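Inspection log for the structure reproduced underneath, given as structure tokens.
The values are calculated or read from the model by the stated rules, or taken from the named source; none is laboratory data. This is a predicted model, so every value here is computed, not measured. Note: ideal-geometry Cβ built from the backbone for every residue, glycine included; neighbour counts use all protein chains shown.
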Amino acid sequence: MKKYLTIPLLFIFLHNGFCKPYPQSEKSTSFCRIKADSLDAYTGKFQKDFNGTMFYLNFSLENGELIGTQLWDNQKMAIKHLSGDSFIVLGLDWSVKFIRDKEEKVTQVVVMGKDAWTKVKS
């Protein structure tokens, strides 16, 4: 029994005694900071038909952050940039991917990899 405990305890001692902890930097509030000017391309109103009823999402900038608002109940969600046109809804971990047309303008947003919302032309 002592043999089985000795080896794991030896590893723990060596790790704690000789390995320095990895230095952690200050945590950022976002995964990847991009300029607010760049985020402006993702703003606008998007629509989706669910069983004959039209629902709307609005993406806007608030204090330099992208915010998604469900217009049927005005619930707001912080949208954080990951890379390229990929984002995530904080707290829910829903993927958000913006789709561009040939002119590189955002025309759709796909939420959770399946719900495609079309941008409303203004």
Worksheet entry | Subset of the stretch 55-67 [surrounded by 11 or more Cβ atoms within 10 Å (Cβ to Cβ) and either modelled with pLDDT of 95 or more or assigned to a strand (DSSP E or B) (or both)] | Phe55, Tyr56, Leu57, Asn58, Phe59, Ser60, Leu61, Glu65, Leu66, Ile67
Item to complete: Go through (1) touching a residue at least 40 places away in the same chain (Cβ under 8 Å); (2) surrounded by 15 or more Cβ atoms within 10 Å (Cβ to Cβ) and name the single condition Gln47 misses.
Response: (2)
Worksheet item: Would a scan of the stretch 90-109 turn up a residue that is out of contact with any Phe, Trp or Tyr (no Cβ under 9 Å at 6 or more places or on another chain), in a strand (DSSP E or B), on the phi < 0 side of the Ramachandran plot and basic (Lys, Arg)?
Response: yes
Discussion item. Here's a check for you: in the stretch 68-95, which residue that is more than 17 Å from Val120 (Cβ to Cβ), among the β-branched types (Val, Ile, Thr) and without any contact (Cβ under 8 Å) to a residue 40 or more places away in the chain is surrounded by the fewest Cβ atoms within 10 Å (Cβ to Cβ)?
Written reply: Val89
